[in-house]
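Participant: Before I ask anything, let me first share the structure, which is written out below as structure tokens.
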Amino acid sequence: MRSKGLQFTFSGSLKSIILFVTFGLVVIVNIVPILWGVKTSIMSPSDIFFYPPKLFNFEATFEHYIRIFNGGYLRTFLNSIFYCVASIIFGLFLGILAAYGFDRFLFRFKKPMFYLVVFCIPLSIGSSALIIPNYLYMSELSFLNEWYTLPILYTAYNLPMAIWIIKSGVETIPVEVDEAATIDGASRFYFIFGMLAVLCRPALAAAALFIFLGAWNEFILSSIMINSPDLRPVQLAIYQYLGFFGQEWGPLTAAASTAIIPSIIVFTFLGRMLISGLTAGSVKS
Amino acid sequence: MKANKLGAILVSPSILFLAVILIIPLFYTIYISLYDMRYLQLGDFVGLKNYIKVFTSDDIRSSISITFIVTFVGLFLSIITGTLLALWINSKKGFTAYIIQIVVLIPWVISMVVGALLWKWIFNNLGLLNYVLNLIGFQSVDVLGNPRTAPVALIFVIAWRTVGFAMVLILAGLKSIPKELEEAGQVDGANKWRTFWLIKLPLLKTPIMVTSIILMLSNFNNVDVPMVLTGGGPGDATNVITMELYKQGFVYFNFGVASALSFVVLMVNILLITLYIRMVKYEI
């Protein structure tokens, strides 16, 4: 700004000040809760409730982490990883078949089928209208509280978006590639999972990323579908700690801090993919 | 493109799966909503009685107005802040722009349970917010215990988690505006402010509308944040429609009324979904 010298007008500087202040506030408001939570999680109980709050002059302790991990938190962590991996595998498997089918073939009822998928993208954003239907229906099928309950639901909720993202990847592969493969006699199945999947790796990775975030962060469905402690995912465990630990913010913030590590790691490395996936999925107009 | 049954074979597993898990339950719920159902025991056929209960219940009626306030104020805050940030980031390049986007998207990436929990701790009586308020000379506030401030806190957290999402989508819209248009405006002597109002904003209409519809859907259906942050309280100050829905089902086990209410919420969703599909031109 300053280098522009004479062009440095009043309205221009006012605008840049407003934008800078907005951004400053957003950074504070986005980062501080996490830092404050992590800080609380490594303080002793007496330090946590010391007022005014101690900013730096406390002794770090891992007692809350030890306590939650001795209390079965690791199990919920592993459950969540299982739910994510199962949903990703199942979702990508169905997703690549459907994406390829939609992109390369004409068949009866193609349009209505495609609109069903498109309809399900925003439908699964409005998930609270679905919690009662899903619950009553899963209980009718006796699918409640099983190891496969959540993977089935998480796959269904994230599959429509996955199909859309993978389809945008398949579009970029020239049709000549499938023709060459079929002439070579490679079976269609081998072609889809051997060649096509390799060629649209970025789209598959973006779809996997969305399924991961959806499954890892989901809470309300798990809270109504899962009863047994052995099957609890991580978000449900945190919510139940809220009732169990009450005002003990040490273990609560320790659980919360641990639960965001996978999301933050994935996001830091694949952030660019997430951003492009987001925009591809929503404003392709 | 060739007509081929193979396409149908490839697509049908996904279609069947979505139909069975997401669509059929909706019809099943419409059926249940016409019956008296408590504790998963299907009782007598009651016709529209559950719907009459939904529309005459004071709890539900008051929750509707809170829901609309939370949905729209939250949306408004996210869109305004998101647009401002998008405009600012658009002038930055490369790595700086990337880092800014990452920071702004963090609340959207972490779970709502964790986000709401972290804010609950900050809003605590002995929490960071009151400490800062005391530092600058204000009295402590029991944010989540006061029926007047609790909805503000709820709106704040809901807007907080969606700002980044709004920004990313609006930024994508900004990036698609051809540079020539802006330059043409400048050549014609429009200043930055006028370029924004007369050239950029009209072209941003579609991305802003699409983002708004998604956020409306997401805010309207948000149950995680109120559940963790306020539990609907104090009293019924933050008892949004989804909290009421949850309570009818899993606290009172009144599944007939819960199904009727689900259907009403679903109708609002379908309205928004229709708008969304008309706006975003998905094509095959």
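The values are calculated or read from the model by the stated rules, or taken from the named source; none is laboratory data. Just so you know, these numbers come straight off a predicted model, no measurement behind them. With ideal geometry, Cβ positions are generated from the backbone for all residues, glycine too; neighbour counts draw on all protein chains shown.
Participant: Filter segment A:118-134 for residues that are farther than 22 Å from B:THR67 by Cα, within 7 Å of chain B (Cβ to nearest Cβ) and not aromatic (Phe, Trp, Tyr) and give the result.
Facilitator: A:VAL118, A:CYS120, A:ASN134
Participant: Within the bounds of segment A:79-92, is there any residue that is within 12 Å of chain B (Cβ to nearest Cβ) and either over 30 Å from A:GLU171 (Cα atoms) or modelled with pLDDT under 85 (or both)?
Facilitator: yes
Participant: When segment A:135-189 is examined, which residues are found to be within 11 Å of another protein chain (Cβ to nearest Cβ), outside any helix (DSSP H, G or I) and among the aliphatic types (A, V, I, L, M)?
Facilitator: The answer is A:LEU141, A:LEU144.
Participant: Within segment A:112-125, is even one residue in the same structural domain as A:ALA203 (by TED's automatic domain parsing) and more than 26 Å from A:LEU209 (Cα to Cα)?
Facilitator: Yes, segment A:112-125 contains a residue that is in the same structural domain as A:ALA203 (by TED's automatic domain parsing) and more than 26 Å from A:LEU209 (Cα to Cα).
Participant: Here's a follow-up. Please work out if A:GLY101 is buried (at least 24 other Cβ atoms within 10 Å of the Cβ), free of Cβ contacts under 8 Å to residues at least 24 places away in the same chain and touching a helix residue (DSSP H, G or I) at 6+ places or on another chain (Cβ under 9 Å).
Facilitator: yes
Participant: Can you pull out the residues in segment B:234-244 that are at pLDDT 90 or above and aliphatic (A, V, I, L, M)?
Facilitator: Those that are at pLDDT 90 or above and aliphatic (A, V, I, L, M): B:VAL240, B:ILE241, B:MET243.
Participant: Look at segment A:23-72 and say how many of its residues are away from every other protein chain (no Cβ under 11 Å) and in contact with a helix residue (DSSP H, G or I) (Cβ under 6 Å, 6 or more places away or on another chain).
Facilitator: Number of matching residues: 6.
Participant: Further question on the same structure: Looking at B:PHE250, is it within 9 Å of another protein chain (Cβ to nearest Cβ), under 17 Å from the mean Cα position of the chain (by Cα) and modelled with pLDDT of 80 or more?
Facilitator: No, not satisfied.
Participant: Take A:ALA180 and decide whether it is among the aliphatic types (A, V, I, L, M) and surrounded by fewer than 21 Cβ atoms within 10 Å (Cβ to Cβ).
Facilitator: Yes.
Participant: Can you name every one of the helices (runs of 4 or more DSSP H) wholly within segment B:1-105 that holds 3 or more residues which are touching a helix residue (DSSP H, G or I) at 6+ places or on another chain (Cβ under 7 Å), more than 9 Å from chain A (Cβ to nearest Cβ) and at pLDDT 85 or above?
Facilitator: Filter on segment B:1-105 gives B:58-90.
Participant: Another question, if that's okay. When you scan segment B:110-142, how many residues do you find that are closer than 19 Å to A:VAL26 by Cα and in contact (Cβ under 8 Å) with a residue 24 or more places away in the chain?
Facilitator: Total satisfying the criteria: 8.
Participant: Given (1) modelled with pLDDT of 90 or more; (2) buried (at least 23 other Cβ atoms within 10 Å of the Cβ); (3) small (Gly, Ala, Ser), where does A:ALA206 come up short, assuming only one miss?
Facilitator: (1)
Participant: Can you tell which of A:ILE226, A:ILE220 is modelled with pLDDT of 90 or more, surrounded by fewer than 23 Cβ atoms within 10 Å (Cβ to Cβ) and in contact with a helix residue (DSSP H, G or I) (Cβ under 9 Å, 6 or more places away or on another chain)?
Facilitator: Result: A:ILE226 is the single residue among A:ILE226, A:ILE220 that is modelled with pLDDT of 90 or more, surrounded by fewer than 23 Cβ atoms within 10 Å (Cβ to Cβ) and in contact with a helix residue (DSSP H, G or I) (Cβ under 9 Å, 6 or more places away or on another chain).
Participant: Give me the residue from segment A:99-134 that is charged (D, E, K, R) and in a helix (DSSP H, G or I) and, out of that set, farthest from B:ASN254 (Cα to Cα).
Facilitator: A:ARG104
Participant: Can you name every one of the helices (runs of 4 or more DSSP H) wholly within segment A:9-94 that holds 2 or more residues which are basic (Lys, Arg)?
Facilitator: Counting at least 2 such residues, we get A:10-41.
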